[in-house]
1. Might you check whether a residue that is modelled with pLDDT under 80 and aliphatic (A, V, I, L, M) occurs anywhere in segment 49-57?
2. Pairs, please: C-beta under 7 Å, at least 6 apart or cross-chain, first residue farther than 22 Å from residue 66 by Cα and in segment 4-22, second of a type outside the set (S, T, N, Q)?
3. Being among the hydrophobic types (A, V, I, L, M, F, W, C), open to solvent by 70 Å² or more (accessible area, probe 1.4 Å) and not in a loop (DSSP other than H, G, I, E, B) is the filter here; which residues of segment 14-73 pass it?
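The values are calculated or read from the model by the stated rules, or taken from the named source; none is laboratory data. The shown structure was predicted, so the numbers you read here are calculated from the model rather than taken from an experiment. Neighbour counts run over all protein chains shown; Cβ positions are idealised from the backbone, glycine included. Quick note on the areas: whole protein, heavy atoms, side chains included, nothing else; ligands and nucleic acids left out. Shrake-Rupley method; radii C 1.70, N 1.55, O 1.52, S 1.80 Å.
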Amino acid sequence: MKLVFYSIAGLVIVAALTYLYLHISFSIKCPKCGKIDEERITRSSLARFFSWFIPTKAYRCRKCWSEYVVVGH
């Protein structure tokens, strides 16, 4: 039973880290295509929750339409 729980927990952690890797950036460049053609958008509720101790701004790339959050900018 513990093995099943740890397997599911591991998959959830890997999925969360993959999501964060694809949607968080430390510069204004798009993490997907690398372009600097962005527009500001409303942050998600998760980003708003963490913004009280981590400064974040949400952007959408105008080239590939991916949404990402810039941390510390």
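1. Here is the first cut: in segment 49-57, the ones modelled with pLDDT under 80 are 49-56.
Still in the running and aliphatic (A, V, I, L, M): 54.
For segment 49-57, residues modelled with pLDDT under 80 and aliphatic (A, V, I, L, M): present.
2. Within 7 Å, no pair qualifies.
3. Start the filter on segment 14-73 by keeping residues that are among the hydrophobic types (A, V, I, L, M, F, W, C), which leaves 14-17, 20, 22, 24, 26, 28, 30, 33, 36, 41, 46-47, 49-50, 52-54, 58, 61, 64-65, 69-71.
So of that shortlist, the ones also open to solvent by 70 Å² or more (accessible area, probe 1.4 Å) come out as 14, 17, 20, 22, 26, 36, 46, 49-50, 52-53, 65.
Passing the criteria: 14, 17, 20, 22, 46, 49, 50.
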